[in-house]
Structures are given as C-alpha cells and as structure tokens.
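As structure tokens, the structure follows; a few thoughts come after it.
Computed from the coordinates by the stated procedures, all read-outs in this text should not be read as laboratory data. These figures come from a predicted structure and were not determined experimentally.
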Amino acid sequence: MKKGTWRKQHKWLGICLSFFMLMFCVSGILLNHRSLIKEVNVSRKYLPSRYEFQKCQLRMVSFP
C-alpha cells in the first residue's frame with residue numbers, strides 16, 4: 001500500500017472512530033452523573049408508543 005493512501009485511510013478511520021468514542025464517553029458520563037440531567041423532561045411524543053415502566057422498583061437501586 002502506498003504511503004499517501006495509508007495516511008488518508010488512517011486519518012479518516014481515526015476521525016470516524018473518534019466520533020463513536022466521544023459518544024460513548026459522553027453517554028457514560030451522563031449515566032454516572034445522573035444529577036446533571038435529572039431536570040430534563042422528554043416529551044411523550046418523542047418516545048415509542050409502547051414505552052412504559054414495568055415493575056419499576058427504585059429500592060433495588062442503591063447509591064453509596
């Protein structure tokens with residue numbers, strides 16, 4: 001493989017993978033720090049029609 005071709009492919013592969021890595025990092029931070037987003041309310045029109053809580057037991061979730 002030519003050196004220039006390898007550099008182009010490496011650059012674009014890195015850019016694409018860094019986007020997904022950034023999304024994983026942001027979602028992980030938001031899941032770990034739920035207090036940052038507790039006031040955000042999502043309208044029911046954006047959720048699937050069958051979205052509902054089933055057997056929701058918040059007592060099973062413990063925080064130190």
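What to note about this one:
- Three-way shape label, the range 8-50, alpha-carbon gyration tensor, a/c 1.5: oblate
- If the segment from Cys25 to Val40 were pulled out straight at 0.36 nm per residue, it would be longer than the present Cα-Cα gap by 3.5 nm.
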